1. Can you tell me which residue among Leu120, Leu152, Leu142, Leu159 is over 15 Å from Asp59 (Cα atoms) and modelled with pLDDT of 95 or more?
2. Condition check: of a type outside the set (D, E, K, R), in contact with a Lys or Arg (Cβ under 7 Å, 6 or more places away or on another chain), modelled with pLDDT of 95 or more and surrounded by 17 or more Cβ atoms within 10 Å (Cβ to Cβ). Does Val84 satisfy that?
3. With more than 22 Å from the chain's Cα centre (by Cα), under 21 Å from Thr94 (Cα atoms), among the aliphatic types (A, V, I, L, M) and assigned by TED's automatic domain parsing to the domain that holds Asn130 as the only criterion, which of Ala56, Ala60, Ala71 stands out?
Amino acid sequence: MENVKRKVFPFLILILLVPCFVPVVLAGEIDATTVVDWVIDGDTFDTTSGDRVRLADIDAPESGELGYYDAKNFLISLVYDKTVHLDIDDIYETDKYGRLVCVVYVKHNSTHYKNVNKALLVEGYAVIWNFNNEFNPSTWTLYCPKEEHPELFLPTSQLYMIASVIVVIAAITGFVLYGKRRVSAKPSSSS
């Protein structure tokens, strides 16, 4: 029995520790996918799911300020009536106005997604306005290859499910291998 405990214990530890490592794997997760149905200004839009989204860590001109229409029109060209992938801030989720704080991605072509937040910065329609959240604008890239980061564009629930399946498969494999060794180690009875 002691030998069984010694073999099973590492698998139990693995199963218990996997949730600790999953957030590291999911650092760039997509928490929601929706369609944009209204653009408020150069850094805020509404979605068909009923959420108002504030682009994280950037600031575009407000109504009445120079550049307002240019920034708003550029955001319209990027997201209006399109499917967007939202990486919602894991620290606060919403700002003081109840808007989801997100880094937003849209399909650029068959091989890449475009970071909408970064696009507004690159084109000069917004400036960095770094808040205390999970995001760091200095690490953003304008395009993200789909094949290099397919996990970035799966809903978080699917990623947790995939991680759980991997753990279960590893545990079953361990038990099967342990069982085979145990059966082959039994002394044969001779008559």
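The values are calculated or read from the model by the stated rules, or taken from the named source; none is laboratory data. Here the structure is a predicted model, which is why all the values come from computation and not from measurement. All Cβ positions, even for glycine, are placed from backbone atoms using ideal geometry, and neighbour counts span all protein chains on display.
1. Testing whether each residue is over 15 Å from Asp59 (Cα atoms) and modelled with pLDDT of 95 or more leaves just Leu142.
2. Criteria not met by Val84.
3. Ala60
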